[in-house]
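Peer 1: Have a look at this one.
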Amino acid sequence: MLSTNGHGPKRAILYARVSTDEQARSGYSLAQQMEALRDYAAREEYVVLEEVSDPGQSGASLERPGMDRVRDLVQAGGVSMVLAQDRDRFAREPAHHYLLRREFEEHGTKIRALNDRGDDSPEGQLTDGIIDQIAKFERAKTAERTRRGKLKKLREGKILANSCADYGFRYNASRDGYIVHEETMAVVRHIFRMVGLEGSSITGVARALNREGIEPPGNPWSKSGRWVTSTIRNCIIGDDVYKPHTYDEIKVMVAPEVALQLDPDESYGIWWYNRTKANARQVSRDGTNGKEYRRQVKYTPRPQAEWIAVPVPNARVPLEWVDAARAAIKENHKHSNAGRRSWELSGGIMRCGGCGHAMATHTVANKGKPTYFYYFCQTRYKKDHQACIESKCLPAVELETRVWNEVSDLMKSPETLMANLERMIELERQDKRGDPDREAKVWLDKLAGVDQERRGYLKLAATGRMSDEDLDEALAELEEARKSAQRELQALKHHRERIEKLERDKEALLDYYEGVAPGALDSLTPEERYRFYKLVQLQVCVHPGDGVEISWAGGEGFSVCENETASSSRPATIHPASDKRS
């Protein structure tokens with residue numbers, strides 16, 4: 001090793017860093033830093049061992065490819081100095097800068113930046129430390145100004161553009177708003193129709209779109225270049241940019257000046273900001289080709305009061321399609337196939353009679369032996385009293401065949417099925433006495449009266465004609481009345497939505513029967529059976545002791561099926577649960 005104590009050449013490593021991909025692509029900042037470092041090294045007669053750069057790397061972490069290379073070179077010895085243009089090129093945090101300085105000193109290496117103001121004396125180190133803290137304060141102030149600027153823009157009804165607009169939209173010329181892109185928005189409407197009206201599973205929709213060669217959303221929604229279930233679930237069906245909101249719904253979410261810019265007769269989607277907080281950090285791990293670096297992001301939900309709504313153009317997706325699609329995927333995370341088969345009763349169709357949880361799927365595969373498929377209760381492995389009493393694994397093929405034998409007869413008589421659905425809808429309507437619209441108006445008037453009374457009490461208290469104790473008591477009573485009215489309005493809304501969903505399911509079944517001949521029912525694939533089960537809202541409840549109950553079309557009760565095996569010549573009779581109420 002060459003000596004670096006003044007009798008040998010002074011050897012230096014030049015280090016440059018930029019923090020954004022845009023700077024990295026332009027190369028200007030890196031080139032400018034390296035040019036300044038080369039000039040300094042030449043003037044001070046340093047021998048440059050290596051030039052190391054970190055393009056597109058944040059200084060908030062020491063986990064950087066270039067910095068790891070610098071630390072390895074310093075550890076190998078023979079390095080007099082590590083040079084950077086500015087102190088924050090090494091690290092943005094003063095604590096990280098201190099750790100690097102101490103680490104390099106152990107190997108006889110100094111750390112130097114061209115904007116250093118002090119020397120190696122305690123006073124000089126104090127000066128540089130003060131400069132680091134001032135720089136940190138300035139960065140915090142800049143971040144705060146940026147955040148306030150974003151919030152101001154959002155409260156003016158403008159969106160914050162990123163690398164990719166939501167699927168079905170394009171940015172306008174100023175990149176602060178959306179315009180509808182009809183070609184891709186037609187795909188969005190097709191997705192809502194397939195899931196909400198036709199009863200297709202998310203997996204089935206993804207397969208259909210990939211089979212048709214339809215291009216999926218770009219990064220970061222679809223990194224694989226193919227439609228995947230998470231994209232359809234979270235970025236399409238679960239996104240409020242596609243759900244129409246009335247003007248009355250919008251105006252309570254946005255600033256008054258934004259509401260004035262909207263058409264009261266038009267509906268709008270909602271683009272949300274600040275729903276989650278992202279904490280990003282870079283981590284490294286040992287890979288086959290050395291260290292591998294990746295950005296790790298953890299998202300935590302923010303309180304709903306901090307969400308910011310920005311109205312966007314109406315995607316022209318009917319509200320009933322959106323509600324139906326979301327209701328269809330609410331109970332099931334995905335239609336599982338385990339890579340080997342389609343599970344006809346997965347996705348929330350079959351539930352445990354002991355605890356009510358959806359049954360999970362399980363595959364047992366041993367090399368050289370047959371593969372077995374089972375359903376089991378997801379809570380069976382919970383400890384102590386939380387464990388479910390239904391602990392058996394149920395053979396999938398036997399159970400699916402048993403259910404299909406009982407349901408197929410019903411499918412072969414579409415007239416009976418439609419008549420039962422009509423009776424189900426009529427019974428549902430009879431659950432509410434009187435006119436629902438008139439009831440809703442009564443409760444809305446009640447809410448308006450509560451608000452008026454509240455303002456009156458506040459005026460009395462402000463003029464001293466009502467004590468604080470009496471005011472608190474009166475406001476508490478009004479709050480209870482308000483909550484009661486809101487509960488009744490919500491119940492009326494749910495009742496109306498339930499009837500609308502039953503009507504949609506009936507129409508979807510009619511469309512379904514146009515393409516399926518009754519004689520071909522026995523040859524339906526497991527995927528087609530699953531689709532039919534979803535359309536009729538089939539529910540299979542398995543009780544301890546092999547008892548199976550089946551209901552369909554959203555009935556509140558279950559009709560009991562007799563305990564028979566799949567090979568039985570006489571399947572148990574199945575009736576809609578509404579028959580119990582008539």
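Readers should treat all values here as calculations from the given coordinates under stated rules, not as data from a laboratory. In this text the structure is predicted, and so the values were computed from the model without any measurement. All Cβ positions, even for glycine, are placed from backbone atoms using ideal geometry, and neighbour counts span all protein chains on display.
Peer 1: Which value in nm describes the separation of the simple spin-label points at Glu398 and Arg148, placed 7 Å from the Cα toward the beta carbon?
Peer 2: With each label placed 7 Å out from Cα toward Cβ, I get 7.1 nm.
Peer 1: Let me ask something else. Just going by the charge dipole of the range 163-264, with Lys and Arg at +1 and Asp and Glu at -1 on Cβ, which of Pro244, Gly199, Gln261 is farthest out on the positive end?
Peer 2: Value computed over the given set: Gly199.
Peer 1: Quick one: go through the range 151-187 and flag any residue whose amide nitrogen is under 15 Å from the point 7 Å out along the Cα-to-Cβ line of Arg302.
Peer 2: Of the residues in the range 151-187, 151-161 have backbone N under 15 Å from the label point off Arg302.
Peer 1: Rounded to whole Å, give me the distance from the Cα center of the range 51-100 to that of the range 443-482.
Peer 2: When both Cα centres are located, 64 Å separates them.
Peer 1: Let me ask something else about it. For Arg170 and His543, what is the calculated FRET efficiency with R₀ set at 56 Å and r taken between the beta-carbons, to the nearest 0.05?
Peer 2: Calculated value: 0.55.
Peer 1: For Tyr98 and Asn210, what is the calculated FRET efficiency with R₀ set at 60 Å and r taken between the beta-carbons, to the nearest 0.05?
Peer 2: Result of the calculation: an efficiency of 0.70.
Peer 1: What full-extension length gain, to one decimal in nm, is calculated for Gln125 and Lys369 as 0.36 nm per residue of separation minus the Cα-Cα distance?
Peer 2: 80.7 nm
Peer 1: Take Glu469 and Glu50, extend 7 Å from each Cα along the Cα→Cβ direction, and tell me the distance between the two endpoints in nm.
Peer 2: Result: 8.0 nm between the two label points.
Peer 1: Order these peptides, 77-88, 440-451, by their mean beta-carbon neighbour count within 10 angstrom, highest first.
Peer 2: Per-residue mean Cβ counts within 10 Å order the peptides as 77-88, 440-451.
Peer 1: Step through the table entries Lys153/Lys243; Lys150/Lys277; Lys158/Lys277; Lys243/Lys534; Lys110/Lys277; Lys110/Lys298, compare each Cα-Cα distance with 27 Å, and write down the pairs that go over it.
Peer 2: Pairs exceeding 27 Å: Lys110/Lys277; Lys110/Lys298.
Peer 1: Follow-up. I need the trypsin sites (Lys or Arg not before Pro) found in the range 453-488, filtered to DSSP loop residues with at most 11 other beta carbons within 10 Å of theirs.
Peer 2: Loop-located and lightly packed - Arg465.
Peer 1: Follow-up. Please find the FRET efficiency linking Lys136 to Asp240, where r is the Cβ-Cβ separation and R0 is fixed at 30 Å, and quote it to the nearest 0.05.
Peer 2: The pair Lys136/Asp240 has a calculated efficiency of 0.20.
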